[in-house]
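J.: There's a structure below that I have some questions on.
The values are calculated or read from the model by the stated rules, or taken from the named source; none is laboratory data. Predicted model, so just to flag it, every value in this text is computed and none were measured. Cβ placement follows ideal geometry from the backbone for every residue including glycine, while neighbour counts extend to all protein chains displayed.
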Amino acid sequence: MPFLNLKIQNNRLLASHHLLTRYVEKAYLTTDVASGSSTLTIDNINGFAINKVLLLGNFGEPTAEIIKTHASTAPTGTTVTLLSNTVNDHFLGTPVWLIDYDQVEFNRATTLAGSKTILATQTLNADRMESVYADLTNTTGYGFYRFKNSITTTYSSYSDGVNYTGNSVNSVENIVTSALSLTGNTLNDDFAKEDDLINDAWEAQKAIINAKDWVFELEKDTSITLVQGENEYSTASLTYLLKYPGNKQGIFSLKVGNRLLEYVDYRIMDDIHEDFISDYLSADATVGATSITLLNSHSFAESGTVYLRENENVTYTANTEATGVLSGISASAITTLVSSGATVWQDVSVGTPNRYTFDDDIIRLDFPPDSTSAGQPLKLTYLKALPQLTSFASNTLVPFYHIMQYFVAHRIELRKKAFDEAQKYLDLFTSHISLNAARYKLQVGETQKYYLLSNTAKNVSDDNTD
């Protein structure tokens, strides 16, 4: 099921039903069904079985109803036996939806990541487009909802949490609301389904970030910390993903403390490491151990010394290459546990890194950090990938978010096949990108100043040698 979206208006939690009929099996009545009927005759029974939830008609229609299939009598041929009789009349051609849930559960938490408390569980009303819960007790906190199947006691995922004060001005909900006002559509009509609109907003953000490099994409990150004896660091642990993953295009500087590291091509780094021997522990090196096991020890000397993180120089007397075991280690040599996966070095120079290269989302340093450098953060300045917009509660980091309404309106008009109107909104969107470039575009040059724009513009200077 696509992602659920909660709306909160005046402490009323509103859960839309329309996603329940997206991407599910559907059949049609082949004969009229009178109220009080215990069976349905449909054009096919693909997916229909015992203990299933059915929607007769469409959400929002006066005669629509939710009913369950029989608990023991399986559908056969074109006949579906019901658990209880129908309440309303239904005519030939009425859709019969095989939906996953028949109830909605509203929840509240005091904080966005806090534990949820159930406010109410309601049976879905088929003649309404949404379920509503009025919270008469709480005025603060975050609301959530999820759907429930009362037969199997299974649940959908939770919606994003929404603040009781409503979503922010830069939220998808507000962008979409503005777009619907432009096009004259209503939420969840044939051309403005919630999940389509969220995707439209996401595509609008992508179009903006793909148009140029922007100052609001610039990020200073200190989440990577140097580890003694390790010279490779994945950028997967950064606060944000890289805008240009896998290459250096969006990396502007890398520092240890206040010292700027020099970027070098990976071939130069390979030359620097040419005489270094390294492999990885395939098991923990425990305190007092007299041997360690590598993934592959063939490159290591038959006896000698290895650099093992905080234990530094550890001497061994035998190398069993078939098993990767370096043995004959003094029981007093390993005083700190080193976990499986750590790098083990031979003939290496450790110290303070001076140069780095970047490839396949890995930062590789010229020297493994020594005990003095360990614990210092790698200060990385880079272009970040803006987070995906996944729900009405998602907030875009684009400061000129108001132009995204034109792109969403463009997509709505395309679905309506109103191509002239669609082009009008696309032209507006494109022209507004150009207008905002003067203020927010990242300047390019050998030496440049970048500006992180928040409430107050903050100067951030770095040398760019790209």
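J.: Look through the range 270-285, keep the residues that are at pLDDT 95 or above and under 36 Å from the mean Cα position of the chain (by Cα), and return whichever of them is surrounded by the most Cβ atoms within 10 Å (Cβ to Cβ).
T.: Only one residue tops the list, namely Ala285.
J.: Of the residues in the range 325-362, how many are of a type in the set (Phe, Trp, Tyr) and part of a loop (DSSP other than H, G, I, E, B)?
T.: The qualifying residues number 0.
J.: If Gly246 passes every condition in (1) more than 30 Å from Val344 (Cα to Cα); (2) part of a loop (DSSP other than H, G, I, E, B) but one, which one does it miss?
T.: Of everything listed in (1) more than 30 Å from Val344 (Cα to Cα); (2) part of a loop (DSSP other than H, G, I, E, B), Gly246 misses just condition (1).
J.: Something else now. Could you check the range 399-419 and list, in sequence order, the residues that are within 14 Å of Gln205 (Cα to Cα) and surrounded by fewer than 17 Cβ atoms within 10 Å (Cβ to Cβ)?
T.: Scanning the range 399-419 gives Pro399, His402.
J.: Which of the residues belonging to the range 149-185 are within 18 Å of the chain's Cα centre (by Cα) and part of a strand (DSSP E or B)?
T.: Val162, Ser171, listed by residue number.
J.: Within the range 363-391, count every residue that is assigned to a loop (DSSP other than H, G, I, E, B) and under 17 Å from Pro245 (Cα atoms).
T.: 4
J.: Could you tell me which of the residues Leu4, Leu19, Leu54 is modelled with pLDDT of 95 or more, buried (at least 16 other Cβ atoms within 10 Å of the Cβ) and not acidic (Asp, Glu)?
T.: One residue alone meets the criteria, Leu54.
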